[in-house]
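Colleague: Attaching a single structure in structure tokens format; questions to follow.
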Amino acid sequence: MTTTTAPESISASLESATIKSWKAPIAYAIFTLIAILLFVVNGRDGVSRFRLSNEADVIQLAPIDNPTRLTCILLVVLLIAITVYATWLSSRAKRVPLWLTILFAVAFMWAFLTWAAAGETIPITGLLLGTVALSAPLIFGSLGGVISERVGVVNVAIEGQLLAGAFLSAFVASVTGNPWAGLVAAMVAGVLVSFMLAVFSIRYIVDQVIVGVVLNVLVAGLTSFLYSTVLTSNTPLFNSPPRFPRISIPILSEIPILGPVLFRQTVIIYIMYIAVFVVWWGLFRTKWGLRLRAVGEHPQAADTVGIRVNPTRFWNVAIAGAIAGFGGAYFTLGSVGGFTKEMTAGAGFIALAAVIFGRWDPIRATLAALLFGFATNLQNVLGAIGSGVPSEFLLMLPYVVTIFAVAGLVGYVRGPAASGKPYIKA
Amino acid sequence: MKLELRGITKRFGSLVANDDIDLTIEPGEIHCLLGENGAGKSTLMNVLYGLYQAEEGEVLLDDVVQRFAGPGDAMRAGIGMVHQHFMLIPVFSVAENVMLGHEETGFGGRLNLDAARAKVREISARFGFHVDPDALVGDLPVGVQQRVEIIKALSRDAKVLVFDEPTAVLTPQETDELMTIMRQLKSEGTSIVFITHKLREVREVADRITVIRLGKVVGEASPTASNSELAALMVGRSVELTVQKEPAQPGPAGLIVRNLDVIDHLGLKVVNNVSFDVRAGEILAIAGVQGNGQTELTEAILGLQPRVTGEISLNGTSLTGLSVRKILNAGVGFVPEDRTEDGLVGQFTIAENLMLDRSDRPPFVKNGNLQLGFLAEFAQEKKDEFDIRCESIYSRAGQLSGGNQQKVVLARELSRDLKLFVASQPTRGIDVGSIEFVHKRMVATRDAGIPVVVVSTELDEVVALADRIAVMYRGSIVGIVPGNTPRDVLGLMMAGEVPSGVAA
């Protein structure tokens, strides 16, 4: 027995079992059923026109005319085919690929637009242009959320940071007459809210979610109070900020469809493109990002290699606040052109959802924010063209789609391991 | 580099963890710090490493007094540490973990990962490690993770290296390799502090031994001292190192497990086609390195795992798919591996903890009312029987020492009418006195004709208790061997090799 030979060795990795997941086919089937009921059984006649170019564009694309009933039927057949294929994949214990879900979503959305716009014209570029614009505060907010959570502090106060940014940017830009000063003020406002979040959650170890919620209420109350006492006392002086003009970038803005959507925007949107890239690059390619993520994953390990955990958290939460506050300026300097009470209307919470939907990754969170922005703008556009769809239904549908997308697409989500947990040294 | 600790005193509230400790480590020596769990070894090293600030005393390197405000200072002074719980970030690559805290950067703070990879490769080559700089640390086996910790310390030119209980997670073979690495480091002039409570390892590798008990240095010993001398010094009295037991009188098979699979949430088979029998009146020890499916196996027997296929039966009745309540009622006693997490409710009193798994029926509950009088009587009786050292039966369980907590768990489980007893890591982190007690009770349970399953990662415990030994590796049972199997064979089996002559 003591002379041991090693003829057999057991493989060093664990065998995997096959688990059949029926989540995707069930989600597809539900939507296919909805599609059959709405677009075929309750189908409409007419022609739905999708306009792809504006009159001013150099390159003109012909509009697409979809015969409503025929297009709907063809697309619903496609949806059924995708569902059957997904069912077959699942029964063979294979994963349903992401592209299939994207194809399904596009087909469903096309069918929906065709059905909703029977006899009308949908400006596709307008729809997408508005999507990018409306996503801006969500994207800035979610970038702030990603940084804050990656460093280990749950940021429920995004809403408060957006609102504070919106308020202070309107005030400062009006008084100085300079929108750039307003942008800086927005960042300062976001940082101030962050300081409170950081002091209470890091220094005094108060539950981070509770601090965040309280800060949201505080900022909402404070800005409403100052709005009704100060801003409305002299609106031309205090609440008439100059707005940033739309800037068309030469050549790029003439690319069909994409050009008008991406490159005829205000400077806030151009800064957003840069911010998304810089945050992504910073998080995953630089010393700053490595240390930030280390602190959010395993603060004790970071401490043992000489990284000061709590100061790292404090200053990065401040940076997160600056970015989210910047997003708040979009409301006053980019779109509305003045502050109104609680004008962010829950955008901060949608940004928080985008952080999680985007799995704490700046790029994915941006895509998630764009999806939410599309949802909001779809409702605007369909309302404007006066399609026969009830407005309550329009309000609801995009979010329902999102919930199913999250349930069907996002599987096992793992956030930063130490997010929400204060670091206390002995 | 010569390291000297002078008069270190560290208090946590009223508890004195280190009491006026003096320690000198000469350049190029392996100095063992021997002591029981909770003796204050790790606290001392955390003071040395700047993680804790001592109330009194000073640290000297080459006779110069050092002031460490944090681990960063200690590292710059040349002190490296291989932590008991690895200080590695599982979602980072090896290179990222090694560079963290002293990153080389290019333009705009861009990480120079190539330099870090080269460093990992260079140190790996020096010691014959096979570590891929781009592997994610969380995917590596613990033995390799430990090497990453060593590489991390060496990449900062550590002159004094502290190993805090490094062998707890290793197979015997990996332990031998670690000893070789320590000797190699020593020959390069590195001073090594080796913290452990395992006598065998101390005698094998140490140049000098310092013994710590209850926060105080109680003596020095030479590596030639016998096991019982070292143990007596460590515990403060002479201890029995072997468990006294008669040969087993096995009856018919009680617990029968057939083709058991447990699948985790990622779809991996953490227990893979496991079959074994445990007969009445015998102890089957399940040996193996931590994380090879032992936890999931015991939880599957208790009905705590959601995705289980296969057959488990006890005295002819099937337990497969039953609820935990029904399995407990069938007479299964269970000591979970983490007593503070799964074994006790720390905020409850000892008495309440003693009735925790019998809260649904008389005698503890009648018509939905707790029978507090009966409970008090019962708790008092068990306190005496199991020698639970506490102020009263109404003390909170969380305030007890590890050994006494484990006695509470044991008292609760063993006072039921058992048909099977499953104990997972029953002596982890408890003092030698309590270990003796726990071992005696387990043998007594066996002698009462009950099948006993003990899961342990400590080979000493396995060898001391087992009538038969099943070795697990990567979710499978490598083989079931007699209790007197030599340790080196067990060691090979723990690394997944099936020795000839062993029926798998």
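Colleague: Return a yes/no flag: does the range B:79-89 have any residue that is assigned by TED's automatic domain parsing to the domain that holds B:A206, open to solvent by less than 50 Å² (accessible area, probe 1.4 Å), farther than 27 Å from B:G491 by Cβ and over 28 Å from the mean Cα position of the chain (by Cα).
Modeller: Looking for residues that are assigned by TED's automatic domain parsing to the domain that holds B:A206, open to solvent by less than 50 Å² (accessible area, probe 1.4 Å), farther than 27 Å from B:G491 by Cβ and over 28 Å from the mean Cα position of the chain (by Cα), one finds none in the range B:79-89, hence no.
Colleague: How many residues does the range B:50-59 hold that are over 17 Å from B:A158 (Cβ atoms) and open to solvent by less than 70 Å² (accessible area, probe 1.4 Å)?
Modeller: Counting residues in the range B:50-59 that are over 17 Å from B:A158 (Cβ atoms) and open to solvent by less than 70 Å² (accessible area, probe 1.4 Å) gives 4.
Colleague: Next question. Taking the range B:157-176 on its own, how many of its residues are surrounded by fewer than 18 Cβ atoms within 10 Å (Cβ to Cβ) and either of a type in the set (D, E, K, R) or closer than 27 Å to B:E4 by Cβ (or both)?
Modeller: Residues that pass the stated criteria total 2.
Colleague: Restricting the range A:236-272 to residues that are in contact (Cβ under 8 Å) with a residue 12 or more places away in the chain and of a type in the set (S, T, Y), which is farthest from A:A173 (Cα to Cα)?
Modeller: Filtering the range A:236-272 for residues that are in contact (Cβ under 8 Å) with a residue 12 or more places away in the chain and of a type in the set (S, T, Y), the one farthest from A:A173 (Cα to Cα) comes out as A:S248.
Colleague: Can I ask one more? Working only within the range B:37-79, note down all residues that are among the charged types (D, E, K, R) and within 12 Å of chain A (Cβ to nearest Cβ).
Modeller: Within the range B:37-79, B:D73, B:R76 qualify.
Colleague: Same structure again: Just one of the numbered conditions (1) open to solvent by 10 Å² or more (accessible area, probe 1.4 Å); (2) within 24 Å of the chain's Cα centre (by Cα) is not true of B:G321; which one?
Modeller: (2)
Colleague: Turning to a different aspect of this structure: What residue, among those in the range B:459-481 that are open to solvent by 10 Å² or more (accessible area, probe 1.4 Å) and facing another protein chain (nearest Cβ under 9 Å), is nearest to B:L170 (Cα to Cα)?
Modeller: Here the residue is B:Y473.
Colleague: Taking the range B:429-460 as the region of interest, how many residues are in a helix (DSSP H, G or I), of a type in the set (D, E) and free of Cβ contacts under 8 Å to residues at least 60 places away in the same chain?
Modeller: Here the count works out to 0.
Colleague: Please state which of the following conditions B:T224 fails to meet, knowing it meets all the rest: (1) among the β-branched types (V, I, T); (2) crowded, with 19+ Cβ neighbours inside 10 Å; (3) within 20 Å of B:F194 (Cβ to Cβ).
Modeller: The one condition B:T224 does not meet is (2).
Colleague: When you look at B:T167, is it among the β-branched types (V, I, T) and within 15 Å of B:C32 (Cβ to Cβ), yes or no?
Modeller: Yes.
Okay, residues lined up against (1) within 24 Å of the chain's Cα centre (by Cα); (2) more than 30 Å from A:L290 (Cα to Cα):
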site	(1), (2)
A:G130	yes, yes
A:F140	yes, no
A:V146	yes, no
A:V154	yes, no
A:T176	no, yes
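Colleague: How many residues, within the range A:324-342, are of a type in the set (A, V, I, L, M) and open to solvent by 30 Å² or more (accessible area, probe 1.4 Å)?
Modeller: Total meeting the criteria: 1.
Colleague: Would you mention how many residues in the range B:236-275 are open to solvent by less than 40 Å² (accessible area, probe 1.4 Å) and within 26 Å of B:D447 (Cβ to Cβ)?
Modeller: Here the count works out to 7.
Colleague: Can you tell which of B:V137, B:V144 is hydrophobic (A, V, I, L, M, F, W, C), within 12 Å of chain A (Cβ to nearest Cβ) and open to solvent by less than 10 Å² (accessible area, probe 1.4 Å)?
Modeller: Answer to the check: B:V137.
Colleague: Find the residue count for the range A:301-314, including only residues that are at the interface with another protein chain (Cβ under 9 Å from one of its Cβ atoms) and modelled with pLDDT of 95 or more.
Modeller: Residues that pass the stated criteria total 0.
Colleague: Being touching a helix residue (DSSP H, G or I) at 6+ places or on another chain (Cβ under 9 Å) and either assigned to a loop (DSSP other than H, G, I, E, B) or of a type in the set (S, T, Y) (or both) is the filter here; which residues of the range B:397-422 pass it?
Modeller: Matches in the range B:397-422: B:L400, B:S401, B:S415, B:R416, B:L418.
Colleague: If B:G106 satisfies all but one of (1) within 12 Å of another protein chain (Cβ to nearest Cβ); (2) open to solvent by 20 Å² or more (accessible area, probe 1.4 Å); (3) closer than 30 Å to B:R6 by Cβ, what's the number of the condition it fails?
Modeller: Unmet for B:G106, out of (1) within 12 Å of another protein chain (Cβ to nearest Cβ); (2) open to solvent by 20 Å² or more (accessible area, probe 1.4 Å); (3) closer than 30 Å to B:R6 by Cβ: (3).
Colleague: If you scan the range A:173-184, which residues turn out to be open to solvent by 40 Å² or more (accessible area, probe 1.4 Å) and in contact with a Gly (Cβ under 8 Å, 6 or more places away or on another chain)?
Modeller: If the condition is that a residue be open to solvent by 40 Å² or more (accessible area, probe 1.4 Å) and in contact with a Gly (Cβ under 8 Å, 6 or more places away or on another chain), then A:T176 is the only one that fits.
Colleague: Can you pull out the residues in the range B:265-283 that are within 22 Å of the chain's Cα centre (by Cα) and under 22 Å from B:N329 (Cα atoms)?
Modeller: Within the range B:265-283, B:I283 is the sole residue that qualifies.
Colleague: Looking only at the range B:114-130, filter to residues that are open to solvent by less than 50 Å² (accessible area, probe 1.4 Å) and among the hydrophobic types (A, V, I, L, M, F, W, C); which one of those is nearest to the other protein chains (Cβ to nearest Cβ)?
Modeller: B:A116
Colleague: Further question: Taking only the range B:1-44 into account, find how many residues are touching a Lys or Arg at 6+ places or on another chain (Cβ under 9 Å) and either in a strand (DSSP E or B) or open to solvent by less than 50 Å² (accessible area, probe 1.4 Å) (or both).
Modeller: Result for the range B:1-44: 24.
Colleague: Then there's this: Out of all the residues in the range A:385-426, which are of a type outside the set (G, A, S), at pLDDT below 75 and in a loop (DSSP other than H, G, I, E, B)?
Modeller: A:V389, A:V410, A:Y412, A:V413, A:K425
Colleague: Between residues in the range B:146-175 that are more than 15 Å from A:T304 (Cα to Cα) and residues that are open to solvent by 20 Å² or more (accessible area, probe 1.4 Å) and polar (S, T, N, Q), which pairs lie under 6 Å by C-beta distance while being six or more apart or on different chains?
Modeller: Once the first residue is more than 15 Å from A:T304 (Cα to Cα) and sits in the range B:146-175, its partners that are open to solvent by 20 Å² or more (accessible area, probe 1.4 Å) and polar (S, T, N, Q) give B:E165/B:Q84; B:V169/B:Q290.
Colleague: Here's a follow-up. Being more than 10 Å from chain B (Cβ to nearest Cβ) and not in a helix (DSSP H, G or I) is the filter; apply it to the range A:264-300 and report the residue that is most open to solvent (accessible area, probe 1.4 Å).
Modeller: A:R264
Colleague: A:V317 - would you say it is part of a helix (DSSP H, G or I), within 30 Å of B:H83 (Cα to Cα), in contact with a Ser or Thr (Cβ under 6 Å, 6 or more places away or on another chain) and more than 8 Å from every other protein chain (Cβ to nearest Cβ)?
Modeller: yes
The values are calculated or read from the model by the stated rules, or taken from the named source; none is laboratory data. Note that the structure is a prediction, hence the values are computed from the model and not measured. Every residue, glycine among them, receives a Cβ derived from its backbone with ideal geometry; neighbour counts consider all protein chains shown. Protein only, heavy atoms only, side chains kept; ligands, DNA and RNA dropped before computing areas. Shrake-Rupley method; radii C 1.70, N 1.55, O 1.52, S 1.80 Å.
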